[in-house]
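J.: Shown below is the structure under consideration.
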Amino acid sequence: MTHSAAAVTEPDLGTQPRTIDPTVEPFLHLRSAGVSVLLDLEGGSLPAVRHWGADLGPLTAGQLGATVAATRASVADSRMDFADRIALVPERASGWLGRPGLEGGRTGRDWSSVFTVDRVVLTADPTGDQHLRVQAVDRVSQLELTIELELTTSGLLRLRAVLFNAAPESYSVGALRLVLPVPAQAVELLDFTGRHVMERIPQRQTFTKGVHSRESRQGRPGLDSAYLLMAGTAHFGFRHGEVWGVHLGWSGNHNVYAEQISNGARVLGSAELLERDEVRLGEGEAYVTPWTYAGYGIGTDAVADRFHALLRARPGHPSTPRPVLVNTWEAVYFDHDLPKLKALADRAALIGAERFVLDDGWFGGRRDDTSSLGDWVVSPDMWPDGLGPLVDHVTGLGLQFGLWFEPEMVSLDSDLGRAHPEWLFSAGGRVGLPSRQQHVLDLGHPGAYAYIRDAILAILERYAVSYIKWDHNRNLSDAGHTPEGTPGVHAHTLAVYRLFDELRAAHPDLEIESCAGGGGRIDLGIMQRADRVWASDCIDALERQQIQRYTQLLLPPELIGTHIGASQAHTTLRRHDLSFRAQTALWGHLGIEWDLTSLSPAELDELAGWVALHKRLRPLLHTGTVVNLDHPDPAIWVNGVVSADRRDAVFGVVAVRRSETWPPGRLALSGLDPDLDYAVRLAHPVDGHELTRPLPAWATAPLTLPGRVLMSSGVELLPVHPEHGYLLRVMAAV
């Protein structure tokens, strides 16, 4: 089929919706930030991606058609034999042999769809984000499908689908998946696993035939979350190799997967993971999928840049410096003694902290982790005068006051648990297994939702609380909505979002941290509402090196809580020097989780010096581009942040273990301007006991070199002992 030469080649999107006629304009080419997305709308079928990857440059209408023609396979017998055209929601009827885009039905009917597109609208908002909305209908099943695709100014793709039931008979949604094809050169997969106090463990494998499926049935992404599922060219790294990655922005049960079938098709897909009949659409009802986010780039850092830009552009992104905080948990645990807490706040102010957070133990009869979750009233025994004396003391020191909640959890030994057992998740008439001495409150119950909302609002209205640490320490297994026992995770997740939104609407300046046994609920669904995450309950500096470097693939540093703990780690019993602990925590939203009243004056001075250094670097750390170096020695890890104008940078170099060869050799930096001259110096002194031999000459005398030299020839590494490191400041020479 030939197409009119009058078809728009590079659409002038403007800010008004523009209706596309696929018979005239069958191919759309969206471009942004070095990325091209070439969409095939031909024939009235659901849209398919012909190219998602490197920018193809401006193309005429004829060139668009020729580009699509060049990607078409010759079909001898059946489209089942060739991966010619893979729709964003692939259908069985199109010959797709992989996981179908839509699964569901009406008691055995309407389980295989054929959607026909009847409306396509393209718009661009004032920021430059491009939006495509495709509406389609299956007149046999009386289902309507809308697919939304956005290409942001950062080059990130965002997709979701809406399924509408127009029939009198209900339709049960089993799955509604969105997929993106990746080319044959994507031969390797990278995703993540983990466990409590050991999150973000990378795992690689060959992109083999079949399905590599990562599922969470925990009611949250989980401590073992796949996080980002990436496919790339062989041995891709932080700064090299083509990479395509997907993330599902959903805080409940979910599935991300990579699939390769025998006809050569390779796709990355995602969907909410629904239990049977969890979403049943009555006439006139719709199901909206979570957003799927997809990034392409050269190296994983480039993909991360796109996510960081998206988050930093959101309307609610923190615009003020991230306050250095002191959290009380590892300092006092459940021992809420007012004089001790006041003394801790005094020390917090002395070292330069800006926020004081009271953790678990302030409410109900809470003296340990066996009772009182759900009783969100200040304990009259522990706090006979309420929290006012502590809050007034903290704010009188010029510090913000923060408070710990775990709103979704309930103890059986609690006033709430005794009064409203019907508000607990329960399937099959059973309350289910306890975990961490607690159960889950089903916020899908209007009564439970209203109780928790009102309890939190009462605290916020009574006290000057500017920050909530929102914890979530238990999986939502066996999560049945009472009294029916029907699956309840979908409704609960939407209720959590609504609760965040209501609290923020009532208190616009309130900040909320997403914590879930550490890093168990970090996703772009919750991050549309949260201001910070707790990356892990483990603040052992060595473990945190890995946890933080991979958490930053999705989130920019200012959203990641990074704390300095005691010399002996609470979770691993390892011991580290303060210099290693501090420079590990320096990179994110800095906090301290340590009994400051136990420190000597010398230790307090040293800690205050690190806090001051963080504050000096904070404008750079929390706005710049994250850089990770693919150093050839696996014992040497290097990360950094480079300012947008590339005139300022800081790099951290850490020996995570002993090297097989020694000395370590040279370090070539990345992300600098090759045409600028830079002054290089240590950002913080290195003590002699941290070194295995004397410092190289550049570390003891001024050094100025062009960016291209620093990125090619590099500088000699400092010979530090394992589990030690140092900071480099690289600034454009005046």
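The values are calculated or read from the model by the stated rules, or taken from the named source; none is laboratory data. Being a predicted model, the structure only gives us computed values, none of them experimental. All Cβ positions, glycine included, derive from the backbone under ideal geometry; neighbour counts span all protein chains shown. Quick note on the areas: whole protein, heavy atoms, side chains included, nothing else; ligands and nucleic acids left out. Shrake-Rupley method; radii C 1.70, N 1.55, O 1.52, S 1.80 Å.
J.: Order Lys340, Lys209, Lys469, most accessible first, counting only protein heavy atoms with a 1.4 angstrom probe.
T.: Lys209, Lys340, Lys469
J.: Next question. Between Asp335 and Arg280, what is the spin-label point distance in nm, taking each point 7 Å from the Cα along the Cα→C-beta axis?
T.: Spacing of the two 7 Å Cα→Cβ label points: 5.5 nm.
J.: Which distance in nm do the two modelled labels at Ala166 and Ala343 give, with both placed 7 Å along the Cα-to-Cβ direction?
T.: 7.3
J.: Each label point is 7 Å from the Cα along the Cα-to-Cβ direction; what then is the distance between the points at Leu573 and Gln16, in nm?
T.: 7.2
J.: If you take the beta carbon distance between Arg239 and Gln185 as r and set R0 to 22 Å, what does 1/(1 + (r/R0)^6) give as a FRET efficiency, to the nearest 0.05?
T.: That pair, Arg239 with Gln185, gives E of 0.80.
J.: To continue, here is another question. Would you please classify the overall shape of the stretch 300-453 from the alpha carbon gyration tensor, given that a ≥ b ≥ c denote the square roots of the eigenvalues, rounded means a/c under 1.5, and beyond that prolate means a/b larger than b/c while oblate covers the rest?
T.: Because a/c hits 1.5 or more and a/b fails to exceed b/c, the stretch 300-453 counts as oblate.
J.: Then there is this: For the stretch 329-371, calculate the relative contact order in percent as a whole number, restricting contacts to Cα pairs under 8 Å that are 6 or more residues apart.
T.: 53
J.: Something else now. Excluding ligands, DNA and RNA, what is the solvent-accessible area per residue of the chain at a probe of 1.4 Å, expressed in Å²?
T.: Per residue, the chain has an accessible area of 37 Å².
J.: Then there's this: Tell me, how many Å apart are the Cα centres for the stretch 45-69 and for the stretch 362-394?
T.: After rounding, the separation between the Cα centres reads 61 Å.
J.: At 0.36 nm per residue, and after removing the present C-alpha to C-alpha distance, how many nm does the segment from Arg367 to Val140 gain when stretched out fully?
T.: 75.6 nm
J.: Carbon-plus-sulfur fraction of the accessible area of the chain, 1.4 Å probe, in percent?
T.: That fraction is 52 percent.
J.: For the stretch 532-559 and the stretch 463-526, what is the separation of their C-alpha centers, rounded to whole Å?
T.: 20
J.: If R0 is 22 Å, what FRET efficiency do you get for Gln203 and Asp633 from their C-beta distance, rounded to 0.05?
T.: Efficiency at R0 = 22 Å is approximately 0.55.
J.: Show me the ranking of peptides 260-271, 452-463 by mean Cβ neighbours inside 10 Å, starting with the highest.
T.: Final packing ranking: 260-271, 452-463.
J.: Moving on. Rounded to the nearest 5, what % of DSSP beta bridges with both residues in the chain are antiparallel?
T.: Among the beta bridges of the chain, antiparallel pairing accounts for roughly 85 percent.
J.: A further question on this structure: Do you know the relative contact order of the chain, to the nearest whole percent, from alpha carbon pairs under 8 angstrom that are 6+ apart?
T.: Dividing the mean separation by the residue count of the chain yields 9 percent.
J.: Provide the per-residue ³J(HN,Hα) series for the stretch 182-196, in order, calculated from phi with Karplus coefficients 6.51, -1.76, 1.60 and θ = phi - 60°, each as a whole number of Hz, with x at glycine and proline positions.
T.: Rounded to whole hertz, the list is 10, x, 5, 6, 7, 10, 9, 10, 9, 9, 9, 9, x, 7, 4.
J.: Computed from these coordinates, which is volume of the Cα convex hull per residue in Å³: [x] 235; [y] 145; [z] 169?
T.: Matching the structure shown: [z].
J.: Which trypsin sites (Lys or Arg not before Pro) does the stretch 635-682 hold that lie in a coil by DSSP with at most 16 other beta carbons within 10 Å?
T.: Arg647, Arg657, Arg658
J.: Considering Cα pairs under 8 angstrom that are at least six residues apart, work out the relative contact order of the stretch 70-218 and quote it in whole percent.
T.: 17 percent.
J.: List, in order, the whole-Hz ³J(HN,Hα) value for each residue of the stretch 56-72 obtained from phi through the Karplus relation with A = 6.51, B = -1.76, C = 1.60 and θ = phi - 60°; use x for Gly and Pro.
T.: Once θ is set to phi - 60°, the couplings for the stretch 56-72 become 8, x, x, 10, 6, 4, x, 5, 4, x, 5, 5, 5, 4, 5, 9, 7 Hz.
J.: With each run of n ≥ 4 DSSP H residues scored as -39500 (n - 2.57), what mean residue ellipticity at 222 nm is computed for the chain after dividing by its residue count and rounding to the nearest 500 deg cm²/dmol?
T.: Per the formula, -6000 deg cm²/dmol.
J.: To the nearest 0.05, how large is the calculated FRET efficiency for Arg498 and Arg92 if R₀ is 30 Å and r is the Cβ-Cβ distance?
T.: Step by step, r from the Cβ atoms, then E = 0.25.
J.: Per 0.36 nm of contour for each residue apart, how much would the distance between Val114 and Ala464 grow if the chain were fully extended, relative to their Cα-Cα spacing?
T.: Using 0.36 nm per residue and subtracting the Cα-Cα distance, I get 120.4 nm.
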